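Working notes, structure below.
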Amino acid sequence: MRKKQLITTFVLLVALVVLSLLTRDKDTAGQMQVGDPVFTEVNPSGLSEIRLTRKAYNAETVLVNDNGVWKVKNRYGVAADPALIRKYIGLIKDAKAVHVVNHKTEDLALFQLDEKVGAVIAEFIHKDGKKARYFFGKSHFFSQKSSGRYLYVENKNSVILLDDALSYVSAQPSIWLKKYLPFHEEVASASLYSGTSIIWKTDRTHSQEPFRMAIPKASKKTPQEVKQLMMYVMQMRFMDITPADNNFTVDPKFKDLKLMFQTFDGKIYDLDFLALKGQMIRSRLKLVSSPTNTEFVSSVVNPELIKEELAEWHFLVPYAFFQIILK
C-alpha cells in the first residue's frame, strides 16, 4: 500500500513539474538578433507625421511633414530643428541592434519601456496610412564615452539596446523647436546683466576650452561650479515658445535683467526676462549685432531674417534655471 502511494505521489509530482514548465512565463529574446536593422517598419521618405508621447509626464510632440519641411504642429506650427530631424531620420535609416535582451513582459518596466513608468512612445505615420510604434526606454551609460538606450520593438516583441543615449528623442516639444540661440561650440562668452552692470561673465578663447569666470575677478567659484553654471546657461537653447502678445505685465523684479551671449564670429544675443508664468519665465530674445560677411566670416545667417522671426515670439525658460544663474 505504501509503495502504491509513493508511485502515485511521484506521478503527480512529475505531472505538476511538466505543467509548470508548459504554463510559466518564458524568457524571450523576441524575433531580433544582434546586428539586425531596427526600424524596418518605417519608410523615412514616406512619413507624414511623427508623434512622440510620454504619458507618465503628460508630454507630447507632434511633428508634421509640410511639403518636405518638418514642423511642430502642437507649437503653432513652428519649424522643427532641422539638425534634430536629420539626426532622427538618420537613426531610422541606420540603427542596428547592438544587444538583444531576454525578457518577460513584466521586465519592460525595468527598462522604462512601459508607458506607465516613462517610456517615450514614437509613432510613425506614413502618407498611405500605415503606422509603426516603438518604445524608447532608459539610457545606459557604460563609461564617460560610451552609452546606449533601450528600445522595445513592438511587432517583434524584442528588447534591444541601441549604441547611443539619444537624449534628443523626447516628448517635450521644446526639444524639437528650431533653435535661435547658438550651439555650445559657437559661444565665446556669456554674461548676466542688471541694467548696465555685469553681475558675472564667463569667457573662453577657443571652443575646446572650458569657460572661466572673468567677472568678478575675485570669484571663488571652482572650475566645476563654473562648468555647472554654464550647463544651465546653455540649456536656455531649449526654450519653449509663445506668441509675443501683450497680455501680461512686466514683473519689476525681472526689470533690466538679461543674459547676453556672444559668439566667436561676433554675433551678440540678449535674452531679457519679463514675467513669471507658472514655473516658466516669459522672455524676449534679440539679436543685437551680427558681423558683416567677409572672406573670413562667410557663413553668417541672414540677421534681418532672424530679427523678423524673433519679433513674433516670446520664449519660456525654466524659472529653476533662472534661479541658478542668478546665484
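The values are calculated or read from the model by the stated rules, or taken from the named source; none is laboratory data. As the structure is a prediction and not an experimental result, all values here were calculated from the model. Reconstructed Cβ throughout: ideal geometry from the backbone, glycine too, with neighbour counts over all protein chains shown. We work out accessible area using only protein heavy atoms, side chains counted, and drop any ligands, DNA or RNA first. Shrake-Rupley method; radii C 1.70, N 1.55, O 1.52, S 1.80 Å.
Numerical summary
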read-out: Residue-count net charge about Arg204 - beta-carbon cut-off 13 Å; Lys, Arg +1, Asp, Glu -1; value: -1
read-out: Within-9-Å neighbourhood charge of Leu285 [Cβ basis; K, R +1; D, E -1]; value: 0
read-out: Longest site-free stretch - the chain; sites: GluC sites (Glu not before Pro), DSSP loop, at most 15 other Cβ within 10 Å; value: 1-294
read-out: Other-chain or far-sequence residues with amide H under 5 Å of Val169's (modelled H); value: none
read-out: Dipole axis of the stretch 95-144 (+1 Lys, Arg; -1 Asp, Glu on Cβ), positive-most option in Gly118, Phe142, Gly129; value: Gly129
read-out: Ser194 versus Gln235: modelled label distance in nm, points set 7 Å from Cα along the beta carbon direction; value: 2.3
read-out: Relative contact order, percent, the chain [alpha-carbon distance under 8 Å, six or more residues apart]; value: 13
read-out: Using alpha-carbon coordinates, inclination of helix 82-94 to the longest axis of the chain, degrees; value: 20
read-out: The stretch 95-131: trypsin sites (Lys or Arg not before Pro) in DSSP coil with no more than 15 other Cβ atoms inside 10 Å; value: Lys104, Lys127, Lys130
read-out: From the C-alpha gyration tensor of the stretch 98-139, square roots of 5λ in Å; value: 23, 12, 9
read-out: Counting all C-alpha pairs of the stretch 107-202, share separated by more than 18 Å (%); value: 63
read-out: Computed lengthening from Ile268 to Glu185, 0.36 nm per intervening residue step minus Cα-Cα distance; value: 28.4 nm
read-out: Total charge dipole magnitude, the stretch 208-327, about the Cα centre, Cβ charges on Lys, Arg, Asp, Glu only, Debye to nearest 20; value: 740
read-out: Alpha carbon Rg of the chain, scaled by the compact-globule rule 2.2 N^0.38 Å; value: 1.33
read-out: Separation between Cα centres of the stretch 227-278 and the stretch 126-154, rounded to whole Å; value: 32
read-out: Percent of Cα-Cα distances greater than 19 Å, calculated over the stretch 191-327; value: 55
read-out: Label-point separation, Leu110 to Ala218 (7 Å along Cα→Cβ), nm; value: 5.7
read-out: Whether the stretch 128-258 is rounded, prolate or oblate, judged on the alpha carbon gyration tensor where a/c under 1.5 counts as rounded; value: oblate
read-out: Net length gained if the chain between Val117 and Asn246 were fully extended (0.36 nm per residue, minus Cα distance); value: 42.5 nm
read-out: Carbon and sulfur %, accessible surface of the chain computed with the full protein complex present, 1.4 Å; value: 53
read-out: Gained length - Ser207 relative to Ser45, 0.36 nm times residue gap less alpha-carbon distance; value: 54.8 nm
read-out: Phi-based couplings in Hz for the stretch 44-61 (Karplus 6.51, -1.76, 1.60; Gly and Pro marked x); value: x, 6, x, 7, 10, 7, 10, 10, 10, 10, 10, 4, 4, 10, 6, 10, 8, 10
read-out: Structure-based [θ]222 nm, the chain - -39500 (n - 2.57) summed over DSSP H runs of at least 4, per residue, nearest 500; value: -6000 deg cm²/dmol
read-out: Dimensionless Rg over Rh [the stretch 44-106; C-alpha; Kirkwood]; value: 1.07
